1. Please pick out the residue among 158, 129, 162 that is under 26 Å from residue 58 (Cα atoms), touching a Lys or Arg at 6+ places or on another chain (Cβ under 6 Å), assigned to a helix (DSSP H, G or I) and in contact (Cβ under 8 Å) with a residue 60 or more places away in the chain.
2. Report yes if residue 8 is more than 26 Å from residue 100 (Cβ to Cβ) and more than 25 Å from the chain's Cα centre (by Cα), otherwise no.
3. Evaluate the following for residue 108: is it at pLDDT 95 or above, more than 15 Å from residue 156 (Cβ to Cβ) and hydrophobic (A, V, I, L, M, F, W, C)?
4. So, residue 73, is that one among the aromatic types (Phe, Trp, Tyr) and under 30 Å from residue 185 (Cβ atoms) or not?
5. Say whether the condition of being of a type in the set (S, T, N, Q) and farther than 25 Å from residue 176 by Cα is met by at least one residue in the stretch 89-110.
6. On the given criteria, is residue 100 assigned to a loop (DSSP other than H, G, I, E, B), under 27 Å from residue 10 (Cβ atoms) and either open to solvent by less than 50 Å² (accessible area, probe 1.4 Å) or modelled with pLDDT under 95 (or both)?
7. Does the stretch 85-92 contain any residue that is within 24 Å of residue 107 (Cα to Cα) and open to solvent by 60 Å² or more (accessible area, probe 1.4 Å)?
Amino acid sequence: MDNPAETDRVQVLDAADALFYAHGIQAVGMDRIRDAAQISLKRLYRAFPSKAALVEAYLRRRDEGARAALRAYTAGRPTPQASVLAVFDWLYEWYQQPEFRGCAFNNAFGELGEDSPSVAQAVSDHMTALRDHLRVLTAEMPASEALSAQLHILISGATVLAAVHHTPEPARQARDAAQALLNAMAEAPAAPPPDHPTPVP
């Protein structure tokens with residue numbers, strides 16, 4: 001990078017990302033991030049004027065990366081159902097990574113919660129984006145709104161269990177549950193027309 005300020009910003013974010021995700025936000029101070037980024041504290045605070053600003057930037061960057069990765073993984077599948085099930089295959093691969101420590105957004109909200117409006121908003125935006133992606137994948141299916149909500153719950157629960165038990169298997173179990181939901185939706189009879197349609201004036 002030719003821009004020194006942008007170079008500092010990226011170095012600090014890279015260091016903060018690794019430390020916050022591995023150890024927790026509250027356990028990691030700015031001095032530790034400075035040392036990991038190998039820049040002066042003055043340059044660190046020039047890039048991010050406060051720890052709150054750094055935490056928000058960390059979450060926003062993770063959100064962008066997760067959205068792009070999930071979109072790429074689920075794109076080009078032969079059917080909408082295959083795209084939905086691919087979400088859980090993506091989770092399985094993620095859960096197997098040695099550095100997996102659960103959902104960064106759940107972790108951040110659990111640590112800081114409503115005490116940090118910027119964190120709460122970043123977490124909410126990420127969860128909404130995930131739900132919106134599920135809505136897109138299920139748009140052609142019956143009861144898309146309800147189905148996307150149920151799939152979101154499966155994803156959240158699987159991620160918590162995978163982190164707690166240090167196994168990727170909850171992704172497989174959630175995939176089986178998602179398949180059962182998809183089968184049930186496909187087999188559900190179409191809603192009958194109303195007995196007395198409202199006349200059009």
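1. Of 158, 129, 162, the one residue that is under 26 Å from residue 58 (Cα atoms), touching a Lys or Arg at 6+ places or on another chain (Cβ under 6 Å), assigned to a helix (DSSP H, G or I) and in contact (Cβ under 8 Å) with a residue 60 or more places away in the chain is 129.
2. yes
3. no
4. It is true that residue 73 is among the aromatic types (Phe, Trp, Tyr) and under 30 Å from residue 185 (Cβ atoms).
5. Taking the stretch 89-110 as the starting set, the residues that turn out to be of a type in the set (S, T, N, Q) are 96-97, 106-107.
Restricting the remaining residues to those that are farther than 25 Å from residue 176 by Cα gives 107.
Checked against the condition, which is being of a type in the set (S, T, N, Q) and farther than 25 Å from residue 176 by Cα, the stretch 89-110 yields at least one hit.
6. Yes; evaluated as a whole, the condition is true for this residue.
7. Within the stretch 85-92 (the criterion being within 24 Å of residue 107 (Cα to Cα) and open to solvent by 60 Å² or more (accessible area, probe 1.4 Å)), the answer is no, since none of the residues qualifies.
Each row is one residue, and each column tells you yes or no for (1) farther than 16 Å from residue 87 by Cα; (2) within 14 Å of the chain's Cα centre (by Cα); (3) open to solvent by 70 Å² or more (accessible area, probe 1.4 Å).
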position	(1), (2), (3)
118	yes, no, no
124	yes, yes, no
134	no, yes, no
146	yes, no, no
162	no, no, no
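The values are calculated or read from the model by the stated rules, or taken from the named source; none is laboratory data. This structure is a prediction, so every number in the text was calculated from the model and none was measured. No Cβ is skipped: glycine too gets one built from the backbone with ideal geometry, and neighbour counts run over all protein chains shown. Only protein heavy atoms, including side chains, enter the accessible area calculation; ligands, DNA and RNA are left aside. Shrake-Rupley method; radii C 1.70, N 1.55, O 1.52, S 1.80 Å.
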